[in-house]
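Notes for the one structure printed next.
The values are calculated or read from the model by the stated rules, or taken from the named source; none is laboratory data. For clarity, every value in this text was computed on a predicted model and none was experimentally measured. Using ideal geometry, Cβ is built from the backbone for each residue, glycine included, and neighbour counts are taken over all protein chains shown. Please note that ligands, DNA and RNA were not included when accessible areas were found on the heavy atoms of the full protein model with its side chains. Shrake-Rupley method; radii C 1.70, N 1.55, O 1.52, S 1.80 Å.
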Amino acid sequence: MASSLTLVARKVFGSRNDRELKRMRAVVNQINQLEPETAARDDDGLRGRVAHWKERIGALEEREARAEAMDEALAEIFAVVREAARRTLGQRHFDVQLIGGMVLHQGKIAEMKTGEGKTLVATLPAVLNALGGRGVHVVTVNDYLARRDSEWMGRIFNFLGLSVGVVVHGLSDPERKAAYACDITYGQNNEFGFDYLRDNMKFNLADYVQREHGFAIVDEVDSILIDEARTPLIISGASEESTDTYYVVDRVIPRLRPEEHYTIDEKMRTVALTEEGVTRVEQLLGVENLYDPRNILLLHHANQALKAHALFKRDVDYVARDGQVVIVDEFTGRLMPGRRWSDGLHQAIEAKENVKIESENQTLATITFQNYFRMYSKLSGMTGTADTEAQEFKEIYNLDVVVIPTNRPMVRIDHHDVVYKSEEEKFDAVIEEIRDCHERGQPVLVGTISIEKSERVAAQLKKTGVPHHVLNAKNHEREAEIVAQAGRRGAVTISTNMAGRGTDIVLGGNPDGLAAAEAGTRDPADPKFAAALENHRAQCAVAREQVLKAGGLHILGTERHESRRIDNQLRGRSGRQGDPGSSRFFLSLEDDLLRIFGADRLKGLMTRIGMEDGVPIEHRWISRAIENAQKKVEAHNFDIRKHLLEYDDVMNKQREVVYHRRRELLSGAPLKEDILEMAVDLVGEIVRATPTPTRSRPTGSGRKSRTASSSSSSSARISATPSSTSPKT
């Protein structure tokens, strides 16, 4: 009954999302009405309006007063930024982009489809909130995008008289400090978090590089606040422990047999020694009892080495190159140099791969992304896929998700999944589909979930003679360039999950990228670039028509990811700005997701539908069963992130108090009151811990008891005095 009433109410009044959009469309009308007046102003006139509001809002001390003034300035500033973008970049914000900018300014998440211009949307709230003078942080997923966006969008900000900085790997402290002092600062998420931790390990306040945490716009917010949330940021220093034990234990593990000596739980990603396994390890290591307290370190090494061999796969979880083990991000497929697994796991994998073992580290400072980003007074984000995680965004970050409509209707065709019995049959079908698309001139983006699988597809494709590009963590230097041209006629791009997030795939080819490659520069004032751009624009326009006739970009997924969002991101590469496109996922019963999480249910469905060897099945029941398996994994991963946050919340309270007191002391706060208070507390504890002698009847002991009693009451008076006068706790 309640659900039917909800449906009726939604039909009459619209959903909450619809009501939000309706309210913001009224403001869009105001901005559009200001457009003729704004367009009539000269360049100095536009800068003058920004300077006027910056002076007015920056003078306000109270946060609420600044927020009210920004809301008052919103329509005019958005109109000014739109006009500045038109003059500097030749791009004019669409109405839906103005709505996206309003959502970000309100401290919410804007879900916008791929190709809707999220990078340009961020300029609107960035300029408006920079007027408060407290700095705006625009957070991206990698250094390349941070640099690109700061230079590209920086032309708008500089035109309006605002300063722009960028924080990327390899900068010195003075360079970082200068970047954070700018009105708007672009940077990669890890850099912001590590700068915060490093600041709070410094001994001079003048050496701190970050300012206050005012307003952050997080690009690809699901990647940073959800996917990355399972990995805390840790600053560590080398410990003195010897690394020889790792080599000794590593030689033992290959001599153990699965099931007999150890068991693996793939769902929970755990591995455990059996009774026979413990006995075998004791024999091989020459110890009497592995669980003796004296051997606790040896037991820990054995468990970590077992994990390294049984759970962590080369070219899936990590790559070994140049004598190092480098972690591969499970969500993006990117390498993460400098990051290491903790508790000796990284050393165990180094021993397994027979590379030099770096000494184990001890933690000096740590924070989760969840607690770092919750420090901002106002937090917002944008992505193409947030609605499936709306509950988590609300629970953890108190962020609402608003789904922004597309500028043009979405016409991409998403086909049902095709399921084969074996992995070999599946990959044969994948190669056949790629060949068919290539021969018709339809560009294909092939999505794989690991480096290993991307190389398998590439090796099979090579035998057919179809030209292709491989984009994975081993070949990521040209990522943006390869992805930008993935829409050219007949192009075949094999990619891991990274799929060039933040880079548009333009059908027919990207003339800017082709011109830059030919001219060696992106400077619009350079005559070589301008000539090359004109030439490639004409060529790409012809190629675009050919690609449109062939059906647009085809997305071919070779496996379902644990998270529906990652699959949606891959699909979202196609069908941008109303372009045609299609997508299809090829699966097999041997895929990890189906084998581990959906095996029983899927086998039952296959029997009912009547599956035969070599014959694929495409059915809505199958797609639904796979989606249910993904939901189970998502719920499990959400629990992991929630528990991590609960553990870190305890540390976070201590971290906030310690860092706050440390900053106060470095700023020259007097210590006398604090030392007196600590002394009084200590005296009180000593007195309370001292046993008081009991009164006894014999003569002569009374004086002693009275002395102790009066001493005790005197101490009580001492401890009561400062607490009534001291304001500190």
What pairs come up if the first residue lies in the range 516-545 and is more than 20 Å from residue 489 (Cα to Cα) and of a type in the set (A, V, I, L, M), the second is modelled with pLDDT of 85 or more and surrounded by 15 or more Cβ atoms within 10 Å (Cβ to Cβ), and their beta carbons are under 7 Å apart, counting only those six or more places apart or on different chains? 519/532
Failed condition for residue 169, given (1) open to solvent by less than 20 Å² (accessible area, probe 1.4 Å); (2) touching an Asp or Glu at 6+ places or on another chain (Cβ under 6 Å); (3) more than 22 Å from residue 80 (Cβ to Cβ), with all others met? (1)
Surrounded by fewer than 19 Cβ atoms within 10 Å (Cβ to Cβ), of a type in the set (Asp, Glu) and under 30 Å from residue 564 (Cα atoms): which single residue out of 315, 292, 343 fits that description? 315
Of (1) buried (at least 19 other Cβ atoms within 10 Å of the Cβ); (2) without any contact (Cβ under 8 Å) to a residue 24 or more places away in the chain, residue 576 satisfies every one except (2)
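Every residue, every condition in (1) surrounded by fewer than 10 Cβ atoms within 10 Å (Cβ to Cβ); (2) under 54 Å from the mean Cα position of the chain (by Cα); (3) outside any helix (DSSP H, G or I); (4) modelled with pLDDT under 80, yes or no:
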position: 680; (1), (2), (3), (4): no, yes, no, no
position: 693; (1), (2), (3), (4): no, no, yes, yes
position: 707; (1), (2), (3), (4): no, no, no, yes
position: 715; (1), (2), (3), (4): no, no, no, yes
position: 721; (1), (2), (3), (4): no, yes, no, yes
position: 727; (1), (2), (3), (4): yes, yes, yes, yes
Would you be able to tell me the number of residues in the range 332-390 that are among the small types (Gly, Ala, Ser), under 14 Å from the mean Cα position of the chain (by Cα) and farther than 26 Å from residue 652 by Cβ? 2
With the condition kept exactly as written, say whether any residue in the range 80-97 is farther than 14 Å from residue 50 by Cβ, touching a strand residue (DSSP E or B) at 6+ places or on another chain (Cβ under 9 Å) and modelled with pLDDT of 90 or more. no
Take the residues of the range 391-406 that are of a type in the set (A, V, I, L, M, F, W, C) and modelled with pLDDT of 90 or more: which is nearest to the chain's Cα centre (by Cα)? 393
In the range 223-250, what residues are at pLDDT below 80 and within 24 Å of residue 356 (Cα to Cα)? 236, 237, 238, 239, 240, 241, 242, 243
Hand me the list of strands (runs of 3 or more DSSP E) wholly inside the range 335-454 holding 1 or more residues that are touching a helix residue (DSSP H, G or I) at 6+ places or on another chain (Cβ under 6 Å), within 24 Å of residue 631 (Cα to Cα) and not hydrophobic (A, V, I, L, M, F, W, C). 378-383, 418-420, 444-447
Unique match (being open to solvent by 40 Å² or more (accessible area, probe 1.4 Å) and modelled with pLDDT of 90 or more) among 204, 200, 190: 204
Between 387, 414, 436, which is open to solvent by 50 Å² or more (accessible area, probe 1.4 Å), touching a strand residue (DSSP E or B) at 6+ places or on another chain (Cβ under 7 Å) and closer than 30 Å to residue 509 by Cβ? 414
